[in-house]
1. Tell me which of these Gln110 doesn't satisfy, since it passes every other one: (1) surrounded by 24 or more Cβ atoms within 10 Å (Cβ to Cβ); (2) at pLDDT 95 or above.
2. With the requirement that a residue be open to solvent by less than 60 Å² (accessible area, probe 1.4 Å) and either part of a loop (DSSP other than H, G, I, E, B) or at pLDDT below 90 (or both), what does region 64-92 give you?
3. I'd like to know if region 139-152 contains one or more residues that are of a type in the set (Val, Ile, Thr) and either in a helix (DSSP H, G or I) or touching a Ser or Thr at 6+ places or on another chain (Cβ under 7 Å) (or both).
4. Is at least one residue of region 107-123 without any contact (Cβ under 8 Å) to a residue 60 or more places away in the chain and assigned to a loop (DSSP other than H, G, I, E, B)?
5. Look through region 207-243, keep the residues that are among the charged types (D, E, K, R) and modelled with pLDDT of 90 or more, and return whichever of them is surrounded by the most Cβ atoms within 10 Å (Cβ to Cβ).
6. Among (1) hydroxyl-bearing (Ser, Thr, Tyr); (2) modelled with pLDDT under 90; (3) surrounded by 14 or more Cβ atoms within 10 Å (Cβ to Cβ), which single condition is Thr134 missing?
7. Could you list, in sequence order, the residues of region 167-206 that are farther than 21 Å from His119 by Cβ, at pLDDT below 95 and not in a loop (DSSP other than H, G, I, E, B)?
8. Which of the residues that make up region 35-60 are of a type in the set (A, V, I, L, M, F, W, C) and in a helix (DSSP H, G or I)?
Amino acid sequence: MVRLERFTQDTVLVHGLDAVVRRMRALDALWPERDGVAVFNRVYLAVTEEVARRVDAGHFGDARAAITLDVRFAERYLGAVAAVAEDRRPPACWQPLFQFRGHPGVRPLQFALAGINAHIGHDLALAVVDACRTLGCAPRELEDEFDRVGEVLVALEERIREDLMPGPDLLQIADPLTHLLGAWSLERARDAAWSAARAVWALRGLPDVAGEFTQQLDAGVGLVGRCLLTPLRPTPYAARRDH
């Protein structure tokens, strides 16, 4: 089992994104290439490396805020991985990906989208709140960094889809994957995450209500993830019938 270090505030400031990248590279070396969680991990690793490059290049106006947000964001994913490794239940949003990670009827692009859905739809909102608590600020003060991280995600989404497309059959309108691709949008998920972050922050003085809100957010994102992981390859019986 890969040892996942606890991310403290000192870790954010001293080790930053380097620590996150090391953890993801270790996981990449641990899992089989076709493993569904490994597919998402490779995508997320590419995103994190790109964010780190942009931080080094001065792309972010407040590098400390950007690093804190990105590390708190990664902490949510790495926490789900640690929970499964320790035989604990991960958040509901991550359960479909871990449950179906070895299913032969699920395509790599579906695994990637299901992981992105869990991480953007649920984790990003809570990571904004985590970062605000670490930095002692309100969400509006992180909006610029949130948008710049979002720009990286959107820029890489097209490349991700191209890299993981199954082939010419995707162009067929009857291919169910075509419909899944059209039914989910990273930009819409990112906008919803920002709204959810603001709501959770506004509810911080009402812990019971905030807890119920985040629980329902988790469950709803998990339901979307389960739909994204609907097996699309025909069963052997169906294949024989087609012939």
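The values are calculated or read from the model by the stated rules, or taken from the named source; none is laboratory data. Model, not experiment: these values are computed from the prediction. Quick reminder, even Gly has a Cβ in these numbers, built from the backbone with ideal geometry, and neighbours come from all protein chains shown. Side chains included, ligands, DNA and RNA excluded: accessible areas come from the protein's heavy atoms. Shrake-Rupley method; radii C 1.70, N 1.55, O 1.52, S 1.80 Å.
1. Tallying (1) surrounded by 24 or more Cβ atoms within 10 Å (Cβ to Cβ); (2) at pLDDT 95 or above, Gln110 fails exactly one: (2).
2. Pro90, Pro91, Ala92
3. Going through region 139-152, the residues of a type in the set (Val, Ile, Thr) turn out to be 149, 152.
Add one more test, that the residue is either in a helix (DSSP H, G or I) or touching a Ser or Thr at 6+ places or on another chain (Cβ under 7 Å) (or both), and what stays is 149, 152.
The answer is yes, given that some residue of region 139-152 is of a type in the set (Val, Ile, Thr) and either in a helix (DSSP H, G or I) or touching a Ser or Thr at 6+ places or on another chain (Cβ under 7 Å) (or both).
4. At the first step, the residues of region 107-123 found to be without any contact (Cβ under 8 Å) to a residue 60 or more places away in the chain are 123.
Narrowing further to those that are assigned to a loop (DSSP other than H, G, I, E, B): none.
No: zero hits.
5. First, pick out the residues of region 207-243 that are among the charged types (D, E, K, R): 208, 212, 218, 226, 233, 240-242.
Keeping just the survivors that are modelled with pLDDT of 90 or more gives 208, 212, 218, 226.
On the way: Asp208: 8, Glu212: 12, Asp218: 20, Arg226: 18.
Only one residue fits best here, namely Asp218.
6. Single failed check for Thr134: (2).
7. Residues satisfying the conditions are Pro168, Asp169, Leu170, Leu171, Pro176, Thr178, His179.
8. Here is the first cut: in region 35-60, the residues of a type in the set (A, V, I, L, M, F, W, C) are 37-40, 43, 45-47, 51-52, 55, 57, 60.
Of everything in region 35-60, those that are of a type in the set (A, V, I, L, M, F, W, C) and in a helix (DSSP H, G or I) turn out to be Val37, Ala38, Val39, Phe40, Val43, Leu45, Ala46, Val47, Val51, Ala52, Val55.
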